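To start, the structure itself, in structure tokens.
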Amino acid sequence: MTKNPTDIASPGADEKSMSIRILLVDDHPVVRRGLKALLGSRVEWQVIDEAADGVEAVDKATSLRPDVIVLDVSMPRMDGLEACRIIRKRTPESEILIVTQNDSPQMMKEALSAGARGYVAKSNLARDLMAAIESVSEHRCFAGQDHTPRGDGQ
């Protein structure tokens, strides 16, 4: 995470006041606009750029080195899982949050194996996006409420 100059000058500035630089990646412009609108409530978070496919995501992640990359799975030219693998190798300091319509344990496992730090189903974005970005920006895993291990072993 990148600190704002005012955060550095302010003794006792906590984690919530730290800036998070975010790259949004989804092939649907309306989804990117929606994500950006959700993130707009956190003034200390900055969407530094957007990408519409995996190839563009790799290029922008490599050049911009964002703190967090919000990455769709199903995209043209290169899917999000392949982009995740490449980004993880090129910019290991950037954390990746996978967002997808495919809300299955298998997809979550594939995303985490590809190098993502977090996973959120698009149907849960309104509920989970902010907490997910905060978690992955602090290098903690996030899998959403629907994928929390249960006490009964399932």
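For this structure, a couple of remarks:
- Residues (part of a loop (DSSP other than H, G, I, E, B) and either surrounded by 15 or more Cβ atoms within 10 Å (Cβ to Cβ) or free of Cβ contacts under 8 Å to residues at least 24 places away in the same chain (or both)) located in region 84-101: Thr91, Pro92, Ser94
- Residue tally, condition among the hydrophobic types (A, V, I, L, M, F, W, C) and within 19 Å of Glu134 (Cα to Cα), over region 19-66: 14
- Test result for Leu64, surrounded by 21 or more Cβ atoms within 10 Å (Cβ to Cβ), under 22 Å from Ile20 (Cβ atoms), touching a Lys or Arg at 6+ places or on another chain (Cβ under 8 Å) and at pLDDT 90 or above: no
- Every residue from region 120-131 that is free of Cβ contacts under 8 Å to residues at least 60 places away in the same chain and in contact with a helix residue (DSSP H, G or I) (Cβ under 6 Å, 6 or more places away or on another chain): Val120
- For region 31-83, residues that are assigned to a loop (DSSP other than H, G, I, E, B), of a type in the set (Val, Ile, Thr) and farther than 25 Å from Asn102 by Cα total 1.
- Among the candidates Arg42, Arg32, Arg65, Arg77, residue that is closer than 18 Å to Tyr119 by Cα and among the charged types (D, E, K, R): Arg32
- Exclusive hit being surrounded by fewer than 16 Cβ atoms within 10 Å (Cβ to Cβ), without any contact (Cβ under 8 Å) to a residue 40 or more places away in the chain, in contact with a helix residue (DSSP H, G or I) (Cβ under 7 Å, 6 or more places away or on another chain) and not hydroxyl-bearing (Ser, Thr, Tyr), set Arg77, Arg117: Arg77
The values are calculated or read from the model by the stated rules, or taken from the named source; none is laboratory data. None of the values given here were measured: they were computed from a predicted structure. Because the Cβ atoms are built from the backbone with ideal geometry, glycine has one as well, and the counts that use them run over all protein chains shown.
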